[in-house]
Amino acid sequence: MLVRKLIPWLSRLLGGSLLLAANSAYAEYGLNLPQGVTEISREVYDLHMLIFWICVVIGAVVFGVMLYSIFHHRKSKGAKAAQFHESTTVEIIWTVVPILILVAMAIPATKTLLKMEDVANADITIKITGYQWKWRYDYLDQNFGFYSVLSTPREQIENTADKSEHYLREVDRPLVVPVGTKVRFLITSNDVIHAWGVPDLAIKKDAIPGFINEVWTLIETPGTYRGQCVELCGKDHGYMPVVVEAKSIEDYQLWVGEQQALALASTEDPDKVWTADELMAKGEQVYATNCAACHMAGGEGVPGAFPALKGSKIATGPIADHSNIVLHGKAGTAMAAFAAQLSDSELAAVITYERNAWGNNTGDSIQPSQVKAAR
Amino acid sequence: MSTATTHDAHHEHQPSGIMRWLTTTNHKDIGTLYLLFSLLMFFIGGAMAMIIRAELFQPGLQMVNPDFFNQMTTMHALVMIFGAVMPAFVGLANWLVPMMIGAPDMALPRMNNWSFWILPFAFLMLLATLFMPGGAPAGGWTLYPPLSLQTGMAFPFLIFAIHMMGMSSIMGAINVVVTIFNMRAPGMTFMKMPLFVWTWLITAYLLIATMPVLAGSVTMLLTDKFFNTSFFNAAGGGDPVMFQHIFWFFGHPEVYILILPAFGIVSQIIPTFARKPLFGYSSMVYATASIAFLSFIVWGHHMFTVGMPIKGELFYMYATMLIAVPTGVKVFNWVSTMWKGSMTFETPMLFAVAFVFLFTIGGFSGLMLAITPVDFQYQETYFVVAHFHYVLVTGAIFAIMAAVYYWIPKWTGNMYDEKLGKLHFWISCISVNVLFFPQHFLGLAGMPRRIPDYAVQFTEFNMISSIGGFVFGLSQLMFAYIVFKTIRGGAKATDQVWEGAHGLEWTLPSPPPYHSFTTAPEVK
């Protein structure tokens, strides 16, 4: 097993070290920071390399002296110990020289940092909200928004299916931005602290509940750029990827039009009465994307950590208490308030589903209009 | 004969068996307790690391679920920092400070007993959370709210365990300070103190200054969770980022609490085996003090991505870069001490030299992390994991191992097995680099820390890292074997033990008498 995995790796290492810039997917990531696709990301890469080489040179000098000493100044070679133990001149030199080197590093670093923090004059603003465990992207100027959820199938994570190329770094709906445009992101969170980051854009910023952080980017080349949540945010922290698709301005305009049409079409009649079957079918879907991560697909939960819904007092008790928890969450736990995240019909469907799936069989259901009243 | 009888009577006065250890006020007994406790915690924390590395051997979920994985990363850090490294240093201080300054014992022996015996209970509470419904804390050792507030039943146990560890540390630190100020032998001026004593004196002040801050911040978490306060809840007018500021105001000096005594140890060992006095003694003292001072004003570099104002980012960047200067002075001094020496490479020296090499590598990555715009790329990735394991494992823990090999002949009167010691060193030194060096690449390629599963391009380096981890973990069983073998017997050690050793502790017999110096030695 191990040997089988290591052989391609060794050959890649050999090939890779000879042809470091080879066009394989491996060389794209591999050993070093990506250069990325923005002016800033390239500046950051250059800074990284500058400091790296300064460290290498200092390291070579210090370790060189040390190694020389280790090989030559040993008792077995008859070395007699000198007894010197201070020199003010030397001490001053090796205090002042590092300070000068540090100043040389600080100047370009400061310049780049000032540029990175200049969020003025953005053409588009997109609000990014972290949720346990998905992202939401709201296009503030165009009045639409959507959730972006991991699309890697469960079977791949559980090793019952082969892993795809973008395992854990693929989503159902990526964030789409135009190239050649200064895009400003407003980053916040709905529950705990997350961090939104894409190495190719040299962006990483914490998403903090109650606070809004700003970053910006200006992507030059169309393409798909991937990252993931980079601040521990609970159980599925490893499963909330970030995928950014940079399109040409024309393609972007087209895409925005489609999204706006989609948003209009999904406006629903608030007074429509749903049948139990309709609610169950929709509820199963909503449950799978929003609830199954903790309460599990079979409603059995994770003992001790996440309560079971199957046969639970709440899911089989009074419907008002049940919908109250789904709508408003439970303080001090990972149970979020879903009133803000889901529509009336989605809430009605998922509550109905939880009350009738897995042998819960309460036989009752709740209508979107009732959810609306309970909000 | 009469002296023998009084001697026996004196010993009858003392309880034996378990009561001896429970009631002991002797600095050597307490030092031994600390060190053995630390060894136990090192293996418990290590076992957790093995689970982490086993899960990360391949992408996909194989061994544990994500929630348990998070419990392991959280508990691994808490156990290693508060259970393994800190008690090991307090144990070393207990054993060595009185012997090095020519005192009979620590200044506050009863408090000394108390400060040790709090620890087993604190860790019993902490480790018990693993068996509670909902499991152990899983929000990371940094306890960031709001995530840490989602902890279940384990939460109050975690907070009270931290309170108890803090009390223990503060008492230990006060004891060190009082001992050093009041019990130095005549002629032992401050600038004649061995560097281990100096670095511990400064560490003790860091502990006294920061542990109460940690206690305060976790107490605020406790009231946020159970008494509806909103210190860190934006919806109630609080600020989740404020917790991070308070935490890292403790957390960054804590980093130096974990490394300054290691600097002291290495500054004792290198001159001995180079048979040459330490280069730049006074600059070493001043450098340690400068590092300690700077440690209080750089906490913001742990939080560059929280969205600080640009002035804050620049200040923390410059201040952090400055730490490289006194740290560089230390490294240059160690190298100059070796230069033109007459070196031999027994196990303690091997660990000390490896410390200088590998700690410096950790220092370089630290310097890179200080550069704010690039830190945005490194932050919360495996690059950070590699960095702090280089300074904590090949830094702090290598120094502790060097110290054990260096002083165990003095403590027990027996020489350790040099062949096994060297074998232990070489296996550890190679495997630890196989373990942590590839993590630099993983971090640069963008792998976040604290994830149980990863994208496929990270597979190879994770696999290598895990193999290094297993070898490193297993090779520490050798360390335990060598230590217990030495306690049980071995070639008798001389009083001076090492040809080039200087200092008061080497003037005492090996093993030293129960009350180190009953009459104060004269220091010239």
If you average 1/r across every pair of different Cα atoms in chain A and take the reciprocal, what Kirkwood value do you get, in Å?
25.1 Å
So what's the angle, to the nearest 10 degrees on a 0 to 90 scale, between helix B:2-12 and the longest Cα principal axis of chain B?
20 degrees
Scoring chain B by relative contact order with C-alpha pairs under 8 Å, at least six apart, yields a percentage of 18 percent
Between B:F296 and A:W358, what's the calculated FRET efficiency when r is the beta-carbon distance and R0 is 51 Å? Round to 0.05.
0.35
Separation of the A:A161 and B:T494 label points, Cα + 7 Å toward Cβ, nm:
7.3 nm
Non-local residues with an amide H under 5 Å from the amide H of A:L186, with H modelled 1.01 Å from N and Pro and chain starts lacking one, are A:I126, A:K127, A:I128
Helix-only estimate, please: 222 nm mean residue ellipticity of chain B, summing -39500 (n - 2.57) across DSSP H runs of length 4 or more and dividing by its residues, to the nearest 500.
-22500 deg cm²/dmol
Quick one: which residues, 5 or more positions from B:M188 or on another chain, have an amide H under 5 Å from its amide H? H modelled 1.01 Å from N in the peptide plane, none for Pro or chain starts.
B:V523
In order through the range B:247-256: 3J(HN,Hα) via Karplus (6.51 cos²θ - 1.76 cosθ + 1.60), integer Hz, x for Gly, Pro
4, 6, 5, 6, x, 6, x, 4, 4, 7
Based on Cβ point charges of +1 for Lys and Arg and -1 for Asp and Glu, what charge dipole magnitude is obtained for chain B about its Cα centre, in debye rounded to the nearest 20?
800 debye
Amide proton proximity set for A:A195, modelled H, under 5 Å, gap of 5+:
A:A207, A:V230, A:E231
Take A:T88, A:T112 and order them by how many other Cβ atoms sit within 10 Å, fewest up front.
A:T88, A:T112
Percent of beta bridges antiparallel (DSSP, chain A, rounded to nearest 5)
70 percent
Run the paramagnetic zone check for B:M19: 7 angstrom along Cα to Cβ, then residues of the range B:73-115 with backbone nitrogen under 19 Å.
B:110, B:113-114
Taking Cα atoms, how many degrees apart are the long axis of helix A:249-265 and the longest axis of chain A, rounded to 10 and kept between 0 and 90?
30 degrees
About the Cα centre of the protein assembly as shown, how large is the charge dipole given +1 on each Lys and Arg Cβ and -1 on each Asp and Glu Cβ? Please answer in debye to the nearest 20.
3160 debye
Spin-label proximity, A:S312 to the range A:182-226 - amide N less than 12 Å from point 7 Å beyond Cα toward beta carbon:
none
Listed by chain and number, the lysines with an alpha carbon less than 26 angstrom from that of A:K205, same-chain partners under 8 positions apart left out, are A:K111, A:K115, A:K127, A:K134, A:K182, A:K235, A:K247, B:K311
Ranked list, fewest to most other Cβ atoms within 10 Å of each Cβ, for B:R275, A:R184:
A:R184, B:R275
Kirkwood Rh in Å, taken over all unlike Cα pairs in chain B
23.8 Å
Ranked list, fewest to most other Cβ atoms within 10 Å of each Cβ, for A:E284, B:E380, B:E254
A:E284, B:E380, B:E254
Size of electric dipole in the range A:124-265: Cβ of Lys, Arg +1 and of Asp, Glu -1, about Cα centre, debye, nearest 20:
300 debye
Charge dipole (the range A:276-374, unit charges on Cβ, about Cα centre) - positive-most of A:S345, A:G329, A:P318
A:G329
Per-residue mean of C-beta atoms belonging to partner chains within 10 Å, peptide B:151-161
1
Would you list the P(r) distribution for the range A:105-228, with all Cα-Cα distances sorted into 5 Å bins from 0 and each bin expressed as a whole %?
2, 10, 17, 22, 20, 13, 8, 5, 2, 1, 0
Viscosity 0.692 mPa s, temperature 37 °C: what is the translational diffusion coefficient of the range B:218-322 from Stokes-Einstein with a Kirkwood Rh over Cα pairs, rounded to a whole number of µm²/s?
199 µm²/s
What the 20 Å binned alpha carbon P(r) of the protein assembly as shown shows, as percent of pairs per bin from 0, is 14, 44, 31, 10, 1, 0
Under the Karplus relation 6.51 cos²θ - 1.76 cosθ + 1.60, θ = phi - 60°, what is the ordered set of whole-Hz ³J(HN,Hα) values for the range A:223-238, x standing for Gly and Pro?
x, 10, 10, 10, x, 7, 4, 10, 10, 3, 9, x, 3, 9, 3, x
Rounded to the nearest 10 degrees, what's the angle between the helix A:276-290 long axis and the longest principal axis of chain A, both from Cα atoms, 0 to 90?
10 degrees
Distance between modelled label sites at B:F43 and A:T275, nm, 7 Å Cα→Cβ extension:
6.7 nm
Label the range B:7-137 by shape, choosing from rounded, prolate and oblate, from the square roots a ≥ b ≥ c of the eigenvalues of the Cα gyration tensor; if a/c is under 1.5 it is rounded, and otherwise prolate applies when a/b is larger than b/c, oblate when it is not.
prolate
Mind running the shape call on the range A:276-374? Use the C-alpha gyration tensor, a ≥ b ≥ c as the square roots of the eigenvalues: rounded below 1.5 for a/c, prolate if a/b tops b/c, oblate otherwise.
rounded
Which residue, A:L279, A:A305, B:G489, has the largest displacement toward the positive end of the dipole of the protein assembly as shown when charges sit on each Cβ (Lys, Arg +1; Asp, Glu -1)?
B:G489
Would you look at the GNM of chain A, springs on alpha carbons closer than 10 Å, and say which of A:V90, A:V244, A:V326 moves the most?
A:V90
Can you compute the helix-only [θ] at 222 nm over chain A? Use -39500 (n - 2.57) per DSSP H run of at least 4 residues, normalise by all residues, nearest 500 deg cm²/dmol.
-13500 deg cm²/dmol
Got a sec to turn the phi values of the range B:115-122 into Karplus ³J(HN,Hα) couplings, 6.51 cos²θ - 1.76 cosθ + 1.60 with θ = phi - 60°, whole Hz, x for Gly and Pro?
5, 6, 6, 5, 4, x, 6, 4
Using +1 at the C-beta of Lys and Arg and -1 at the C-beta of Asp and Glu, which of B:T288, B:V391, B:M349 has the Cα lying farthest in the positive direction of the dipole of chain B?
B:M349
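A short reminder: the numbers here are calculations on the coordinates, not readings from a lab. Only a predicted model underlies this, so the values are computations on that prediction, with no experimental measurement involved. Virtual Cβ from ideal backbone geometry, glycine too; neighbours counted across all protein chains shown.
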